Amino acid sequence: MTNRAVAYYRVSTARQGASGLGLEAQRAAVEALCVARGWDLIAPPYQEVESGKRADRPELSKALERARLTGARLVIAKLDRLSRDAAFLLTLQNSGVRFVAADMPDANDLTVGIMALVAQQERQFISDRTKAALAAAKARGVRLGNPNGAAPIRRAGKGTTAALEAVASNADDRAESLRSTVERLKAEGVASLAGIAEALNAQGIVTARGGRWHASSVRNLMARLAAL
């Protein structure tokens, strides 16, 4: 196996840049592994801010292509920086490009397959916890989707960290589901906030609260999509 390597880094949101899974932390882990193993990073790192749920990640595609063409290995900080979807990870495993995670550099194909399934299960656990937190908040009388956001929950003293995080996660998922529609409208020349709102209303798409779209609600949607 060649001593060449290509690095790939990913964070799910801009907020993760300050966390333990931030880009700097990933870069440090990958570079330390490459130094320890005598691997040469042959290209600038490929990095992107993108949800691990999405398989259409352009920077990852570029990194894989570079590794494939040069015979290099793809090096990442952690397995879940690639994806939490088992099928996606196993497809990569069979793509002809060897990828190595800094937190488990000696993993074999069997280990990677098991870890892929574990990563997918963790994603399901996150989804289940979100639904449970929302249900618990609703049972306590918390009005989810209040126009004032989570502030009433905090003031009432009924909210929990899990419930607040669940509300934010649910809003992120809703915004992500509309990304392709918004991008298509832009590609068709609908550029203004009011124009996008009109197009969404014409298609019968409602807001998270079941109402009509306005320029202000589209602005909020665009801001959330930019942060994801």
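The values are calculated or read from the model by the stated rules, or taken from the named source; none is laboratory data. Computed from a prediction, not measured in an experiment: that's the story for all the values here. Positions of Cβ are generated from backbone atoms using ideal geometry, with glycine treated the same way; all protein chains shown enter the neighbour counts. Keep in mind that these areas ignore ligands, DNA and RNA; they rest on the heavy atoms of the full protein, side chains included. Shrake-Rupley method; radii C 1.70, N 1.55, O 1.52, S 1.80 Å.
Does ALA199 satisfy the criteria of being open to solvent by less than 40 Å² (accessible area, probe 1.4 Å) and either farther than 16 Å from ARG224 by Cβ or not in a loop (DSSP other than H, G, I, E, B) (or both)?
Details: open to solvent by less than 40 Å² (accessible area, probe 1.4 Å): yes; either farther than 16 Å from ARG224 by Cβ or not in a loop (DSSP other than H, G, I, E, B) (or both): yes.
Criteria met by ALA199.
Return the residue satisfying two criteria in turn: it lies in region 201-224 and is of a type in the set (A, V, I, L, M, F, W, C) and out of contact with any Leu (no Cβ under 8 Å at 6 or more places or on another chain), and of such residues it is nearest to ASP173 (Cα to Cα).
First pass over region 201-224, keeping only residues of a type in the set (A, V, I, L, M, F, W, C): 202, 205-206, 208, 213, 215, 218, 221-223.
Retained after the next criterion (residues that are out of contact with any Leu (no Cβ under 8 Å at 6 or more places or on another chain)): 202, 206, 208, 223.
Values: ALA202: 22, VAL206: 15, ALA208: 11, ALA223: 14 Å.
Filtering region 201-224 for residues that are of a type in the set (A, V, I, L, M, F, W, C) and out of contact with any Leu (no Cβ under 8 Å at 6 or more places or on another chain), the one nearest to ASP173 (Cα to Cα) comes out as ALA208.
Taking the conditions exactly as written (open to solvent by less than 70 Å² (accessible area, probe 1.4 Å), modelled with pLDDT under 85 and closer than 26 Å to ARG219 by Cβ), does LEU134 satisfy them or not? Write out each step before concluding.
Details: open to solvent by less than 70 Å² (accessible area, probe 1.4 Å): yes; modelled with pLDDT under 85: yes; closer than 26 Å to ARG219 by Cβ: yes.
The answer is yes for LEU134.
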